[in-house]
Amino acid sequence: MAYVDGYVVPVPLAQLAAYRRLARKGGKIWIEHGALEFHECAADDVKPGKHTSFPQAVKLKDGETVVFSWIVFRSRKDRDRVNAKVMADPRMDSMVNADPKDWPFDGKRMFWGGFKPMVSLVR
């Protein structure tokens with residue numbers, strides 16, 4: 001069964017284009033190494049909730065938006081294999097080893113995890 005890595009990150013609106021370029025570059029590397037799908041989505045209809053929400057989860061600041069992302073793999077074992085290859089890819093050095101101050105997002109407020117799909121419906 002498939003496996004999904006999910007990410008949520010705050011991105012300054014002024015850095016959204018730079019984030020998109022970084023995501024496109026990274027996504028191509030993930031796909032090249034075996035990921036089945038790579039998705040990056042900017043918030044369009046997310047509002048603070050009474051108890052929790054996307055904006056609250058990342059402590060969204062004025063001038064920022066939430067980006068929700070996911071990568072689909074064949075299995076968790078395949079995810080682990082693909083991610084190891086991605087992290088060892090020299091093209092990732094400039095992204096992974098850059099000074100966090102130079103990133104087009106706030107990595108300290110980013111969260112992520114791996115998920116086993118429970119229901120998958122496709123038209």
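Computed from the coordinates by the stated procedures, all read-outs in this text should not be read as laboratory data. The structure presented is a predicted model; accordingly, all values stated were derived computationally and were not measured. Ideal geometry is used to build each Cβ from the backbone, glycine not excepted, and the neighbour counts take in all protein chains shown.
Which condition number does Ala98 fail, the rest of (1) surrounded by 13 or more Cβ atoms within 10 Å (Cβ to Cβ); (2) over 16 Å from Ala42 (Cα atoms) being met?
All conditions are met except number (1).
Give the residues of the range 51-75 that are part of a loop (DSSP other than H, G, I, E, B), surrounded by 14 or more Cβ atoms within 10 Å (Cβ to Cβ) and not basic (Lys, Arg), sorted by residue number.
Ser53, Val58, Leu60
With the requirement that a residue be acidic (Asp, Glu) and either assigned to a loop (DSSP other than H, G, I, E, B) or in contact (Cβ under 8 Å) with a residue 60 or more places away in the chain (or both), what does the range 12-50 give you? Walk me through how you get there before you give the answer.
If we filter the range 12-50 for residues that are acidic (Asp, Glu), which is where we start, we get 32, 37, 40, 44-45.
Scanning the range 12-50 gives Asp44, Asp45.
How about the range 80-106: which of its residues are among the aromatic types (Phe, Trp, Tyr) and out of contact with any strand residue (DSSP E or B) (no Cβ under 9 Å at 6 or more places or on another chain)?
Within the range 80-106, Trp103 is the sole residue that qualifies.
Suppose we filter Pro117, Pro90 for residues that are over 16 Å from His39 (Cβ atoms) and of a type outside the set (D, E, K, R); which single one remains? Walk me through it before giving the result.
Values: Pro117 fails: over 16 Å from His39 (Cβ atoms).
Pro90 is the lone residue from the list that is over 16 Å from His39 (Cβ atoms) and of a type outside the set (D, E, K, R).
Going by what's in this entry, would Asp78 be described as surrounded by 15 or more Cβ atoms within 10 Å (Cβ to Cβ), touching a residue at least 60 places away in the same chain (Cβ under 8 Å), in a helix (DSSP H, G or I) and acidic (Asp, Glu)?
yes
From Val9, Val4, which residue is in contact (Cβ under 8 Å) with a residue 12 or more places away in the chain and either surrounded by fewer than 15 Cβ atoms within 10 Å (Cβ to Cβ) or farther than 24 Å from Leu121 by Cβ (or both)?
After ruling out the rest, the residue left standing is Val9.
If you check every pair at least six apart or on different chains, which have Cβ atoms under 8 Å apart with a residue in the range 84-105 that is of a type in the set (Ser, Thr, Tyr) first and a residue that is surrounded by fewer than 11 Cβ atoms within 10 Å (Cβ to Cβ) and part of a helix (DSSP H, G or I) second?
none
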